Amino acid sequence: MAFVPGSSFAGASVRTERAVCTGRTVVKMSADSDVTRRQLLLGALAAMVPAAALAKGGDSPKYSIFGGESQSSPFVYMDQRKGNAVYQALNDEELAEITKSLAVNRARLEETGDFIDVPSWDDVRSLVRLEMYDTRRNVKKIHESLDDPKRVDRAEKVYAQLKKDIEALDYACVVKDQAMAKKARASALKSFDSWASTVGLSI
């Protein structure tokens with residue numbers, strides 16, 4: 001196309017070309033934004049995948065089904081001081097509800113014995129993961145309500161052992177080791193009872 005100086009047609013041509021370029025730029029920026037969003041999403045999802053999915057037989061557990069410390073932030077109890085407080089920030093009704101929930105958590109952990117005997121590894125892992133996330137929430141509430149720092153310290157140590165036992169049980173299911181699973185289950189139940197005794201709960 002010949003360019004005619006001063007021609008309105010030429011000016012229109014230039015303006016149209018700019019509009020086209022601008023449109024292409026918008027499309028490119030939009031596409032880049034979509035790519036960036038996809039990359040961020042994929043990166044976030046990748047970070048959530050447990051490394052233990054790649055564990056091989058004979059390896060020790062290299063992950064935690066309880067997650068990192070930062071993931072516990074949603075489990076902050078509500079400070080409600082109604083009625084006669086048995087613990088620092090829990091009244092009788094709240095404490096009874098938590099105790100009942102913990103009793104269910106322990107009962108479900110004990111039920112894994114039947115699935116280990118079959119064995120049905122997926123059922124064991126599903127049950128353990130479901131109940132232990134709930135247990136974690138309940139334990140955090142109890143620990144935050146205790147008014148004796150030394151007692152809290154003892155409870156934290158016992159609970160840390162319970163978590164190790166649970167992770168050992170989960171790992172035994174990954175490698176399909178029945179003897180290891182039975183041993184880890186027995187240890188987890190013992191640690192659960194020890195923790196309850198430490199914080200003064202009868203489960």
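The values are calculated or read from the model by the stated rules, or taken from the named source; none is laboratory data. Bear in mind the structure is a predicted one, so any value in this text is a computation, not a measurement. Cβ atoms come from the backbone with ideal geometry, glycine included; neighbour counts cover every protein chain shown.
Points to keep in mind about this one:
- In the range 100-116, of all residues being surrounded by fewer than 17 Cβ atoms within 10 Å (Cβ to Cβ) and in contact (Cβ under 8 Å) with a residue 40 or more places away in the chain, the one that is nearest to V152 (Cα to Cα) corresponds to A103.
- Single condition C173 does not satisfy, out of (1) of a type outside the set (D, E, K, R); (2) over 22 Å from K100 (Cβ atoms); (3) not in a helix (DSSP H, G or I): (3)
- Near pairs, Cβ below 6 angstrom, 6+ apart or cross-chain, from the range 190-203 (not assigned by TED's automatic domain parsing to the domain that holds R151 and of a type outside the set (A, V, I, L, M)) to any residue that is crowded, with 20+ Cβ neighbours inside 10 Å and modelled with pLDDT under 95: none
- Enumeration of residues in the range 153-169 that are in contact with a helix residue (DSSP H, G or I) (Cβ under 6 Å, 6 or more places away or on another chain) and either at pLDDT below 95 or under 13 Å from V128 (Cβ atoms) (or both): L162, D165, I166, A168, L169
- Residue list for the range 121-135, filter: under 18 Å from A168 (Cβ atoms) and of a type outside the set (A, V, I, L, M): W121, D122, D123, R125, S126, R129, E131, Y133, T135
- Taken together, R137, R125, R154 contain a single residue that is assigned to a helix (DSSP H, G or I), within 19 Å of E94 (Cα to Cα) and touching a residue at least 24 places away in the same chain (Cβ under 8 Å), which is R137.
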